[in-house]
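What follows is a short report on a single structure.
The values are calculated or read from the model by the stated rules, or taken from the named source; none is laboratory data. This one's a predicted model, so the numbers in the text were calculated from it and none came from an experiment. Cβ coordinates were reconstructed from backbone atoms using ideal geometry, including for glycine residues, and neighbour counts include every protein chain displayed. For the accessible areas, the whole protein counts, side chains as well, though only heavy atoms, and no ligand, DNA or RNA atoms are used. Shrake-Rupley method; radii C 1.70, N 1.55, O 1.52, S 1.80 Å.
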Amino acid sequence: MVVILKENPNKTQLDSLVSWLQAKGIEIHPTVGVHQTILGLVGDTSSIDIDLLNALDIVEDVKRIQEPYKNANRKFHPQDSVIKVGNTAIGGGSLTLIAGPCSVESEDQIISVAKSVKASGATILRGGAFKPRTSPYSFQGLRGEGIRLLKLAKEETGLPIVTEIMDASQLDLFDDVDMIQVGARNMQNFELLKLLGTVDKPILLKRGLSATYEELLMSAEYIMAGGNMNVVLCERGIRTFETYTRNTMDVSAVPVLKKLSHLPVIVDPSHSAGRSALVAPLSCAAVAAGADGLIIEVHNDPEHALCDGPQSLRPEAFESLAKKLQIIHETCWINEEEVG
Ligand code: PEP
Ligand code: MN
């Protein structure tokens, strides 16, 4: 980090800034110019509040040279992380397909979808039990009962399960859940992230609706700073001026996040597109960009789905897409030496 001081800084204020930084274990290397002095800060500056420094009377500007995230940073962990989820793993060269309905609706529905996506090559079953809906009048999910039905589908098929947590108070219900999803709307629920940092389960962290890469990585950092290193990042489309699609899938997120971080990166083409016809091309694009996996909504009866039917694939469409994706993955996956 570099701190540029204003001309003729007040000596008392400067001494107190220097001792405050030194007390944090930071070495200071000043460069004194004719008009300006620059302080080069060497050491772990991740705990320094850049806005606070900027607000000081004697400070002209502050520039960060190193990213503020440490645990998630590829610089300190060059090898790709491989995250174990039940009997499978995400990252490290395989293409993980997570599939299932937007919401768990009934025992028949979740078991039938689980069986068909497994037969097509999915290795993790998704299904929402707690649903973050824009309207309070929309279906809110089967909650605890939804998790019970997901467990039945897991027993029936052997597929590990991933489902979304919306609040810390729900955590006790997640004992038998293999991977906990943090949805886009909760990406910056820092208290929830801190709690998940203490949990011994992998976390699927979705990008917020208008979050930058750095904000997503700082949210991963919250979980990792608590000791839970098992985080998978998910690009799920961001808000743009376009209204034709539900969101805009940011395909650049894949190579950029893989360059900046060692964590696996997966893509959700369903919430990006909002339209089932776009799910296959967007999936192909994500895998061609080097994604470690995809999370795709699949429903046995999309017309009657209680949530996100228009973006859900039928099991047959998922089956043919899955075959194509493996071929693209073999050619396009980016290993840790190629991340740029
Ligand atoms: C979901 O995956 O069910 C979901 C609600 O996704 P997102 O948080 O990305 O909107
Ligand atoms: Mn959905």
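The antiparallel fraction among DSSP beta bridges confined to the chain stands at about 40%.
Expressed as a whole percent, the accessible surface of segment 2-63 that belongs to carbon and sulfur atoms is 53, based on a 1.4 Å probe.
So if the hydrodynamic radius of segment 116-199 is defined as the Kirkwood radius over C-alpha pairs, what does Stokes-Einstein give as its diffusion coefficient at 37 °C and 0.692 mPa s, in µm² per second? Once the numbers are plugged in, D ends up at 241 µm²/s. Identify, among 197, 58, 87, the residue whose Cα sits farthest towards the positive end of the charge dipole of the chain, taking +1 on the Cβ of Lys and Arg and -1 on the Cβ of Asp and Glu, with the dipole about the Cα centre. Sorting the options by dipole projection puts first 87. Excluding ligands, DNA and RNA, the accessible surface per residue across segment 196-340 is 40 Å² with a 1.4 Å probe.
Contact order, relative form, for segment 83-339: 20 percent (alpha carbon pairs under 8 Å, 6 or more residues apart, mean separation divided by residue count). Taking GluC sites (Glu not before Pro) as exposed when their DSSP state is a loop state and no more than 15 other Cβ atoms lie within 10 Å, the longest site-free interval of the chain runs over 8-241.
What segment 1-93 shows is 58 Å² of accessible area per residue, with the surface traced by a 1.4 Å probe over protein heavy atoms.
Working note: Karplus 6.51/-1.76/1.60 with θ = phi - 60° gives segment 65-82 the couplings 9, 9, 4, x, 9, 10, 5, 8, 7, 5, 4, 9, 7, x, 7, 4, 7, 10 Hz, where Gly and Pro are set to x.
Annotation: segment 265-340 has a Kirkwood hydrodynamic radius of 12.8 angstrom, from the mean reciprocal C-alpha pair distance. Counting only DSSP H runs of at least 4 residues, each contributing -39500 (n - 2.57), and dividing by the residue count of the chain, the helix-based mean residue ellipticity at 222 nm comes to -9500 deg cm²/dmol. Of 54, 73, 247, the residue with the greatest mean-square motion in the GNM of the chain, using alpha carbon springs below 10 Å, is 54.
Segment 79-104 and segment 273-295 have Cα centres separated by 15 Å. Derived value for segment 184-338: Kirkwood hydrodynamic radius 16.1 Å. Basis is the mean of 1/r over every pair of different alpha-carbon atoms. Of the solvent-accessible surface of segment 83-339, computed with a 1.4 Å probe and all protein chains present, 52% belongs to carbon and sulfur. Candidate membrane-span-like segments in the chain, meaning DSSP H helices with Cα atoms spread over at least 24 Å of their own axis and a Kyte-Doolittle mean of -0.5 or above, are 315-332, with no membrane implied.
Kirkwood's formula applied to the C-alpha pairs of the chain gives a hydrodynamic radius of 21.4 angstrom.
Phi angles across segment 30-41 convert, under the Karplus curve 6.51 cos²θ - 1.76 cosθ + 1.60 with θ = phi - 60°, into 3J(HN,Hα) values of x, 10, 9, x, 5, 9, 9, 10, 10, 9, x, 9 Hz, Gly and Pro given as x. Projecting the Cα atoms of 150, 9, 340 onto the charge dipole of the chain, computed from C-beta unit charges around the Cα centre, puts 340 farthest toward the positive end.
What you get for the chain, charging only the Cβ of Lys and Arg (+1) and of Asp and Glu (-1), is a dipole of about 260 debye around the Cα centre. The 3J(HN,Hα) values that the Karplus relation (6.51, -1.76, 1.60; θ = phi - 60°) gives for segment 187-199 are, in residue order, 4, 10, 7, 5, 5, 5, 4, 4, 4, 5, x, 9, 9 Hz. Gly and Pro appear as x.
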